[in-house]
1. Would you pick out the residues in segment 45-68 that are buried (at least 20 other Cβ atoms within 10 Å of the Cβ) and among the aliphatic types (A, V, I, L, M)?
2. Inside segment 225-255, can you point out the residues that are of a type in the set (Ser, Thr, Tyr) and either over 11 Å from the mean Cα position of the chain (by Cα) or not in a strand (DSSP E or B) (or both)?
3. Suppose we keep only residues that are away from the ligand (no atom under 11 Å from the Cβ) and polar (S, T, N, Q) within segment 229-270. Which one would you say is nearest to residue 79 (Cα to Cα)?
4. Just one of the numbered conditions (1) part of a loop (DSSP other than H, G, I, E, B); (2) away from the ligand (no atom under 11 Å from the Cβ) is not true of residue 217; which one?
5. Taking only pairs six or more apart or across chains, which ones have beta-carbon atoms under 6 Å, a first residue in segment 185-206 that is touching a residue at least 60 places away in the same chain (Cβ under 8 Å) and among the charged types (D, E, K, R), and a second residue that is assigned to a loop (DSSP other than H, G, I, E, B) and near the ligand (Cβ under 10 Å from one of its atoms)?
6. Out of segment 240-263, which residues are of a type outside the set (Gly, Ala, Ser), closer than 16 Å to residue 59 by Cα and surrounded by fewer than 23 Cβ atoms within 10 Å (Cβ to Cβ)?
7. Take the residues of segment 105-140 that are under 15 Å from residue 89 (Cβ atoms), within 16 Å of the ligand (Cβ to nearest atom) and more than 14 Å from the chain's Cα centre (by Cα): which is surrounded by the most Cβ atoms within 10 Å (Cβ to Cβ)?
Amino acid sequence: MVLLLRKMTFSHNKNFLMRKKIVAGNWKMNKVLDEAVALTSELVNMAKDEVRNDAKIILCPPAIYLTTIQKYIEDAPNFALAAQNCSDKVSGAFTGEISAQMLQSIGVQYVLIGHSERRQYFNETNALLAEKVNTALSFGVSPIFCCGESLEQRQNEDYIGFVKNQLTESLFHLSEEQLKSVVIAYEPIWAIGTGLTASAEQAQEMHAALRAHIASKYGAEVADEISILYGGSVTAASAPELFASPDIDGGLVGGASLKSREFTNIIKAR
Ligand code: PEP
């Protein structure tokens, strides 16, 4: 009975959940070096002065800036870095690629895997993403695994089934311990960079479905520990309602993460 009550508390009361609150900023292919440094300094200073919650702030700059940006966040313990991509291969003759081992060697803790732009422009499949997830985890780099449906899929198909299948095919071979190192980012493609944010109800519906899907394979306690972020045109105006939803543990933010004032306000909403 006590155990049952404890489980119910974990599932239904957000304050008792152990999962991390995260706000990540995906800069994509934007900013030259001076701009990247200025943005980071502004964010660190604003966060120090204004952010009173315990959200982890993950910056995803272009890979070429990772070591530089790292110096600017080293005294800000709530900040961490993510690469935007890594190879599925460990090392070798793969010109232009960046390996998970290289990320590990410079102290990068996270990597985005399966962003819809990588799926769309670089033909990354669920099977390839499963390999990338494996390689990242084998070098202690935590994947931020992105998933999400297109507008056409939302309108014409079992869109929840489609996204659940992305998890099944790229993550469900992992052990329980490995899965606990993964962060999931639900990013409906129709909301990325379009200004069309999913409503809190639409996002919550998918997040709850994905958590239930994880629970069906790994059990409710594991599912309750996995952070599931929402991404897709998040702004300081839309963040509070999204982040108040019980299964939304934070955000993966693109455009709005390039502006220090706006991104700080999003972090404060978490
Ligand atoms: C993203 O690219 O991960 C993203 C969510 O972008 P935006 O916030 O600009 O829609």
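What follows is calculated from the coordinates using simple rules that are stated; it is not laboratory data. Quantities reported herein were computed from a predicted structural model and do not represent experimental measurements. Cβ: placed from backbone, ideal geometry, glycine included. Neighbour counts: every protein chain shown.
1. Selection gives 47, 55, 57, 58, 59, 66.
2. 227, 233, 235, 238, 245 - these are the residues of segment 225-255 that are of a type in the set (Ser, Thr, Tyr) and either over 11 Å from the mean Cα position of the chain (by Cα) or not in a strand (DSSP E or B) (or both).
3. Here the answer is 264.
4. Of everything listed in (1) part of a loop (DSSP other than H, G, I, E, B); (2) away from the ligand (no atom under 11 Å from the Cβ), residue 217 misses just condition (1).
5. 187/148; 187/232
6. 258, 259, 261, 262, listed by residue number.
7. Restricting to residues being under 15 Å from residue 89 (Cβ atoms), within 16 Å of the ligand (Cβ to nearest atom) and more than 14 Å from the chain's Cα centre (by Cα), the top hit is 129.
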